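Only one structure is covered here, and it is reproduced in the block below.
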Amino acid sequence: MCGIVGYIGRRDATPILMEGLHRLEYRGYDSAGIAIASSGGLRVHKCKGRVRDLEKCLPTRFKGAPGIAHTRWANHGEPSDLNAHPHCDADNRIAVVHNGIIENAAALRSRLEAEGVVFRSDTDTEVLAHLIAAMPDGSLAAAVRAALRLVTGTYGLAVLDAARPDSIAVARNGSPVVLGIGEREMFFASDPSALVRHTGSVVHLEDGEVAIVRSDCFETSTLEGGPTAKIPSTINWTNEAFEKGSFAHYMRKEIGEQADAVRRTLSGRLDPRFATAHLGGLGMSARELLEIRRAKILGCGSAHIARAVGAHLIEQLARVPAHAEPASEFRYRNPVIEEDTLYIAVSQSGETFDTLAAVQEIKRKGGRVLGIVNIVGSTIARECGRGIYLHAGPEISVVSTKTFTCTGLTFALLAIHLGRIRDMSTAHGARLLAALTALPDQIDAILAREDEIAALAVRLSACEHAYFVGRAAGYAVAMEGALKVKEVSYLHAEAYPASELKHGPLALITPQTPTIVVIPRDDLFSKNVSTIEEIRARRGPVFAITHPDEMPAWIDGIVHVPRSEVELDPLLLNVPLQLLAYHLALQKGCDVDQPRNLAKSVTVE
Ligand code: AGP
């Protein structure tokens, strides 16, 4: 979604801002823009299209500082040059970049128009530029605070004032802004990935905070003007973690990084002495965990599917009833919050609006919620206050791959921890720990079969529709496989519980509609074999993702996956489907890392 980057200091802002915009491209956007306050006043350039299109339209001597820049993902008004940010007031003194949605924009716009303001765009953001410009003379902070007090909605924003170029105002309400502290220079961005090249020292703004950023300091306050205290934290990610390196696409790089990501998720968390998992961030005693009667898991997209894997693991290993629900549905159905339920919010980015809103709803009703999050210090992680970080490293590709695997793995750790407090035997715990340790090498063994999977993608690439089916945890893997295929290759891939096929979808099975069946070696193995017989009887092509076991000789293709402990098999079965989606996208010539209409982190409703 939209991205913000800003700079104030002695250097020329343009290269810093353009590099920052490139870093934010992965979030998904449709237009880009930049504003620099130089001695001659405000200079603004913006256009529909990619950051490289903006670069092309910048004059050669586009220099100066401070500056702000933006990548826009359209919500109010179509993608166009005029609707791209920054937006300015009538005198071109104030420039604003904004992520989020101003809900009362229509009313504010009518009021400003009645006062004679002429709008140049269809956006909600332009309202902010005119409002700030209309505030009585005073400090920039006072003008921004006064304008924001009139606004309802969400924002992460930055305001440049050509008349006061010694500072930039930034503010946050529901959309992240991070300040980066340099040596007599300051940076800020909506996403730390745009800062890591310059500094590891960051400050996260809280909702309702306004910051005035100067080259050598910053001050934060509430919307009413009361000062707030901030303590800088450190980002440990290296600049290289954000580079594609020798890979053609981030998606392929991140699939290949899974073994290392899994090692990092496991690092320091296996406790062989008690055959359990050690999870320092849970912040709950064994007694408190024993009192939990149910787990309710919430997330969106791949995180919503990973929570289905998680629910299965918690029920199987800890024998605690666990239920998963899309956060986007949960938050709107006035949910009953129970004291003895452990609520778990799952999010790679830690910024997904619907998941955050679900967390806030649970907390508001007195519920206990922990986060399973990748981005350290992200909004959901901070809102939950307790939880488990994935430590999967930055994931730049819009589609989740390594973070899906690491989320499943984190649920396995949590389930073992909960299970060992209850009835799981030491021997079972020890077997699971050994299996977890073996996962990285097993993942690499699957990646070594890439050619086989690429060949399967060639066979599937001519199809218009495909089914992905499985049972229990195999169904969750099928759902994730279908989502990956849809996202990157635009093939219509439908996931269905294998047991439900005969209740309807079998009608659509034809020789042109392949089915990919995910078959763990669990108690349901023979039932899955019956399913593929059913499909075969309708002359549907069948491809199995399974362990080296006996499959009917007539099957159209098999991808073999090493066996783990049966509860952990889904983590491995998911990997070939990631490669399948990737190679299907290559076959179909799709934009792998930035699929159409999608954004990496969905920070609006
Ligand atoms: C997955 O491939 C997607 N890009 C998307 O479904 C994603 O998982 C979802 O938007 C949730 O994001 P989060 O994990 O950052 O909360």
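The values are calculated or read from the model by the stated rules, or taken from the named source; none is laboratory data. Given the structure is predicted, the values throughout are model-derived calculations rather than measurements. Every residue, glycine among them, receives a Cβ derived from its backbone with ideal geometry; neighbour counts consider all protein chains shown. Accessible surface is based on the protein model in full, side chains and every heavy atom, while ligands, DNA and RNA are left aside. Shrake-Rupley method; radii C 1.70, N 1.55, O 1.52, S 1.80 Å.
Some points to look at:
- Those strands (runs of 3 or more DSSP E) of region 25-99 in which at least 1 residues are at positive phi and open to solvent by less than 30 Å² (accessible area, probe 1.4 Å), considering only elements entirely within it, cover 41-48.
- Taken together, 458, 398 contain a single residue that is closer than 30 Å to residue 362 by Cα and either aliphatic (A, V, I, L, M) or surrounded by fewer than 21 Cβ atoms within 10 Å (Cβ to Cβ) (or both), which is 398.
- Given (1) more than 11 Å from the ligand (Cβ to nearest atom); (2) open to solvent by less than 40 Å² (accessible area, probe 1.4 Å), index of the condition residue 350 fails: (1)
- Subset of region 265-302 [open to solvent by less than 20 Å² (accessible area, probe 1.4 Å) and either within 16 Å of the ligand (Cβ to nearest atom) or of a type in the set (D, E, K, R) (or both)]: 265, 297, 298, 299, 302
- Qualifying residue in region 595-602 (condition: in a loop (DSSP other than H, G, I, E, B), open to solvent by less than 50 Å² (accessible area, probe 1.4 Å), hydroxyl-bearing (Ser, Thr, Tyr) and at pLDDT below 90): yes
- Residues of region 301-324 that turn out to be in contact with a Lys or Arg (Cβ under 7 Å, 6 or more places away or on another chain) and of a type outside the set (Gly, Ala, Ser), as a count: 4
- Residue, nearest to the ligand (Cβ to nearest atom), within region 334-347, restricted to residues that are closer than 19 Å to residue 415 by Cβ and of a type in the set (A, V, I, L, M): 346
- Some residue of region 554-564 being among the hydroxyl-bearing types (Ser, Thr, Tyr), in a loop (DSSP other than H, G, I, E, B), open to solvent by less than 40 Å² (accessible area, probe 1.4 Å) and within 16 Å of the ligand (Cβ to nearest atom): no
- Among the residues making up region 484-509, a single one is of a type in the set (A, V, I, L, M), within 34 Å of the chain's Cα centre (by Cα) and open to solvent by 30 Å² or more (accessible area, probe 1.4 Å): 508.
- Scan of region 360-382 for residues that are within 13 Å of the ligand (Cβ to nearest atom) and in a helix (DSSP H, G or I), ordered by number: 379, 380, 381
- Extreme residue, nearest to residue 358 (Cα to Cα), among residues of region 585-594 that are assigned to a helix (DSSP H, G or I) and more than 14 Å from the ligand (Cβ to nearest atom): 586
- Residue in region 388-411 that is under 26 Å from the mean Cα position of the chain (by Cα) and more than 16 Å from the ligand (Cβ to nearest atom) present: no
- Among residues of region 203-251, those that are farther than 24 Å from residue 172 by Cα and under 23 Å from the mean Cα position of the chain (by Cα), counted: 13
- Annotation: of all residues in region 233-259 being assigned to a loop (DSSP other than H, G, I, E, B) and over 26 Å from residue 485 (Cβ atoms), the one that is least open to solvent (accessible area, probe 1.4 Å) is 235.
- Every residue from region 303-333 that is surrounded by fewer than 23 Cβ atoms within 10 Å (Cβ to Cβ), more than 16 Å from the ligand (Cβ to nearest atom) and either part of a strand (DSSP E or B) or at pLDDT 90 or above (or both): 312, 315, 316, 319, 320, 321, 323
- Taken over region 205-221, the criterion of being in contact (Cβ under 8 Å) with a residue 60 or more places away in the chain, open to solvent by 20 Å² or more (accessible area, probe 1.4 Å) and part of a strand (DSSP E or B) is satisfied by 219 alone.
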